[in-house]
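To start, the structure itself, in structure tokens.
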Amino acid sequence: MASEAIIETRDLSYSYPGGISALSSVNLEIRQGEFVAIIGSNGSGKTTLVKHFNGLLKPSQGHVMVDGLDTRTTRVSELSRIVGFVFQNPDHQIFAYSVWEEASFGLKLHKLDAETVEQQTTEALQAVSLDELRDRHPRALSRGQRQRLATASILALRTPVLVLDEPTTGQDFLSRRQIMALAVELHADGRTVLMVTHDMALVAEYATRVIVMKDGAAVCDASPNEVFKQDEVLKSTGLDLPPVAKIARGLRAYGFSDTPLTQTELVENLLTAIRS
Amino acid sequence: MPTIDIQYFKEDSFVHRLHPFTKVLFEIAVLVIAAAFNEPLFLAVVILAIIGVASLAKIPVRKFRYMWVLAYIVLFMVITQGVWFTSFGDFGDIDVEFEWRTLFHLWPAWAPGGPRIPVILEGANYGFSLGLRVVAISLAFPILVLTTHPSDLTRFLSQIRIGSWRIPYNVIFVFTTAFRYIPTVSREFDQTLDAQRSRGVNFGGYNPIRQIRVVMTLFVPVLTSSLLSAHDLTLALETRAFGAPTERTFIHEVHWRRADWGVCALLIIIAIGCLILANSYGLGVLPYTPQRNI
Ligand SMILES: Nc1ncnc2c1ncn2[C@@H]1O[C@H](COP(=O)(O)OP(=O)(O)OP(=O)(O)O)[C@@H](O)[C@H]1O
Ligand SMILES: [Mg+2]
């Protein structure tokens, strides 16, 4: 199962009206169950790319296939059953007068019966620990809580694919960890997770695959380990290595050649290196 | 691509170079002329003329893309006027043998108790002309905004003087800030549209009750964030000593050129001409215009 492509782009190019070319010839194959991090500097085309995955944008050239459906000919409302999309700013979607109302809205649109709606909404709210506040007015929530509410409203849909566009920007350490823990949990649950982020430490720790965007092209597509080995690529895109990888890089002169991704890994590798 | 994209864009066109006053006069002339006529054919000519001005201003067609909404307004007008037109009562001096013609029945003949609710051709026609007025004004208005730099507009408004009176700067500020916020609100609108579509909201369905709910999902977030940013703006203004009693100066100067005299004269002549045609000769006015005796 793990090898089946759920999202596939073929020669995807996109120009915004007015002629700004934002993507050029992107070929990608996202397989089921992957945890993909999409990184790149501001304006490199990350958002433009992921907006193709649920049909919000249609390719200027080439094709995007989602679960075998061509996004050109499939409605966004239909694709929304396959790809859940969490935007960076929750205030663009919150309109209901209670947390529960907001979180269950998408499910009601899909015309599910009341029991399923109740169950899936409750579960989604629990996942972001907002279940206690289900009757609260969304405006009475903090910004971080609203972000989690927006996430819950997508979680409730139980889509096999989840796209998160910079979910951790502007969040404090705790909420960042919480959102990441949630993404990891969903991934462990067998869902495909695509995450646009600038947070290299998170990328290193959780992603199974990293796609580096630069000027509308996917310049690098590999495991985090391999991506962080290629500092030239990263440097040319204006990205920085995660702190752990940086330390390891500094130790290179002393014969330490690994590219660890987490703190534990770094410590272990260092210890083995010192002992031997 | 913003759905509502009415924001100043830089271009070197005849219309761009005109003085803001001339363009404001153009808007007023369109209002007057659109109000003078109510025969669809005449209004169609007015609309064509506006499109001509738009292409003279080199405004890309995509800027008018959101105008499809107007099709609904026109349809709404046609149906409502078609149904309720005859209940206006007073139609001035129509010939005695004048007869309303029924286009079709909303409640068809084959339905039980039918046919009922006739749609009257004259009413539909009148509704169509009302719709075209809306179209004309909606097409003309963006021309001012798209071709005039917001600060030129501010400058122009602050220059207006009647005796020693001039428009208070606060009022001008409100006016021009509204222009300034069009692109912001339009971006909010688009992002909200994307967010709602992503969770399965289907815009453009046929069930009207459902559509009301769907529209709510757009307007609540957009309005809320607009109000919040307006509040932020007041704070920002206070910190910059808004309202401090000084004479304002401007970096940009706008120039009144010879072409402005010509265009203004032309606009006034056309507007007055149309008024005379419509009021004195009844040209471009439907014979069955409802009389409003207030
Ligand atoms: N609505 C739009 N209209 C025109 N051009 C756009 C629009 N949105 C993005 N662009 C342009 O497309 C390019 C890619 O933008 P995109 O938003 O995909 O970048 P990004 O990688 O998501 O950046 P960020 O890290 O800032 O979110 C940029 O050059 C941007 O200016
Ligand atoms: Mg982005």
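Summary of values
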item	result
Which listed residue is open to solvent by 20 Å² or more (accessible area, probe 1.4 Å), within 19 Å of residue B:192 (Cβ to Cβ) and over 16 Å from the mean Cα position of the chain (by Cα), from A:10, A:81, A:75	A:75
Selection count, segment B:158-213, where residues are in contact with a strand residue (DSSP E or B) (Cβ under 9 Å, 6 or more places away or on another chain) and in contact (Cβ under 8 Å) with a residue 40 or more places away in the chain	1
Given (1) within 19 Å of residue B:140 (Cα to Cα); (2) at pLDDT 80 or above; (3) assigned to a helix (DSSP H, G or I), number of the condition residue B:77 does not satisfy	(1)
Matching residues in segment A:156-176 - criterion: being within 14 Å of the chain's Cα centre (by Cα) and not hydrophobic (A, V, I, L, M, F, W, C)	A:159, A:160, A:165, A:166, A:167, A:168, A:169, A:176
Condition check for residue A:218: away from ligand 2 (no atom under 16 Å from the Cβ) and over 30 Å from residue A:276 (Cα atoms)	no
Residue in segment A:225-238 that is within 26 Å of residue A:24 (Cβ to Cβ), modelled with pLDDT of 85 or more and of a type in the set (Ser, Thr, Tyr) present	no
Scan of segment A:84-105 for residues that are among the hydrophobic types (A, V, I, L, M, F, W, C), in contact with a helix residue (DSSP H, G or I) (Cβ under 6 Å, 6 or more places away or on another chain) and open to solvent by less than 20 Å² (accessible area, probe 1.4 Å), ordered by number	A:85, A:86, A:94, A:96, A:99, A:103
Test: residue in segment B:141-148 that is at pLDDT below 80 and either outside any helix (DSSP H, G or I) or within 14 Å of another protein chain (Cβ to nearest Cβ) (or both)	no
Yes/no for residue B:212 being within 30 Å of residue B:24 (Cβ to Cβ), open to solvent by 50 Å² or more (accessible area, probe 1.4 Å) and within 27 Å of the chain's Cα centre (by Cα)	no
Options A:95, A:85; residue that is of a type outside the set (S, T, N, Q) and away from ligand 1 (no atom under 14 Å from the Cβ)	A:95
Segment B:119-129, residues that are assigned to a helix (DSSP H, G or I) and crowded, with 19+ Cβ neighbours inside 10 Å	B:122, B:123, B:124, B:125, B:126, B:127, B:128, B:129
Meets criteria (more than 18 Å from residue A:154 (Cα to Cα) and without any contact (Cβ under 8 Å) to a residue 12 or more places away in the chain) for residue A:20	yes
Only one of A:161, A:117 that is touching a Ser or Thr at 6+ places or on another chain (Cβ under 6 Å) and in contact (Cβ under 8 Å) with a residue 60 or more places away in the chain	A:161
Residue A:32 vs. criteria surrounded by fewer than 15 Cβ atoms within 10 Å (Cβ to Cβ), more than 14 Å from chain B (Cβ to nearest Cβ), away from ligand 2 (no atom under 14 Å from the Cβ) and not aliphatic (A, V, I, L, M)	no
Verdict on residue A:20 being buried (at least 23 other Cβ atoms within 10 Å of the Cβ), within 16 Å of ligand 2 (Cβ to nearest atom) and farther than 12 Å from residue A:66 by Cβ	no
Pair list, Cβ under 7 Å, 6 or more apart: segment A:36-50 residue closer than 14 Å to residue A:199 by Cβ and within 7 Å of ligand 1 (Cβ to nearest atom), other residue open to solvent by less than 10 Å² (accessible area, probe 1.4 Å) and of a type in the set (A, V, I, L, M)	A:40/A:212; A:40/A:213; A:46/A:38; A:46/A:196; A:46/A:213
Strands (runs of 3 or more DSSP E) contained entirely in segment A:173-276, each with at least 1 residues that are within 30 Å of residue A:157 (Cβ to Cβ) and of a type in the set (D, E, K, R)	A:209-214, A:217-222
Counted residues, segment B:149-194 - those being more than 22 Å from residue B:243 (Cβ to Cβ) and outside any loop (DSSP other than H, G, I, E, B)	15
Residues (farther than 24 Å from residue A:68 by Cα, surrounded by fewer than 24 Cβ atoms within 10 Å (Cβ to Cβ) and more than 16 Å from ligand 1 (Cβ to nearest atom)) located in segment A:152-182	A:172, A:173, A:174, A:175, A:176, A:177, A:178, A:179, A:180, A:181, A:182
The one condition in (1) of a type in the set (S, T, N, Q); (2) surrounded by fewer than 17 Cβ atoms within 10 Å (Cβ to Cβ); (3) part of a loop (DSSP other than H, G, I, E, B) that residue A:126 fails to fulfil	(3)
The lone exception for residue B:148 - which of (1) open to solvent by 30 Å² or more (accessible area, probe 1.4 Å); (2) closer than 28 Å to residue B:34 by Cβ it fails	(1)
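Okay, residues lined up against (1) modelled with pLDDT of 90 or more; (2) within 16 Å of ligand 2 (Cβ to nearest atom):
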| residue | (1), (2) |
| --- | --- |
| A:48 | yes, yes |
| A:55 | yes, no |
| A:88 | no, yes |
| A:93 | no, no |
| A:99 | yes, no |
| A:136 | yes, no |
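To keep it simple, each residue is scored yes or no on (1) modelled with pLDDT of 90 or more; (2) among the hydrophobic types (A, V, I, L, M, F, W, C); (3) under 26 Å from residue B:9 (Cβ atoms).
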position: B:22; (1), (2), (3): yes, no, yes
position: B:25; (1), (2), (3): yes, yes, yes
position: B:30; (1), (2), (3): yes, yes, yes
position: B:38; (1), (2), (3): no, no, no
position: B:44; (1), (2), (3): yes, yes, no
position: B:47; (1), (2), (3): yes, yes, yes
position: B:50; (1), (2), (3): yes, yes, yes
position: B:54; (1), (2), (3): yes, yes, yes
position: B:59; (1), (2), (3): no, yes, yes
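The values are calculated or read from the model by the stated rules, or taken from the named source; none is laboratory data. Keep in mind the model is a prediction, meaning the values are calculated, not measured. With ideal geometry, Cβ positions are generated from the backbone for all residues, glycine too; neighbour counts draw on all protein chains shown. Calculation scope for accessible area: heavy atoms of the full protein, side chains included, ligands and nucleic acids excluded. Shrake-Rupley method; radii C 1.70, N 1.55, O 1.52, S 1.80 Å.
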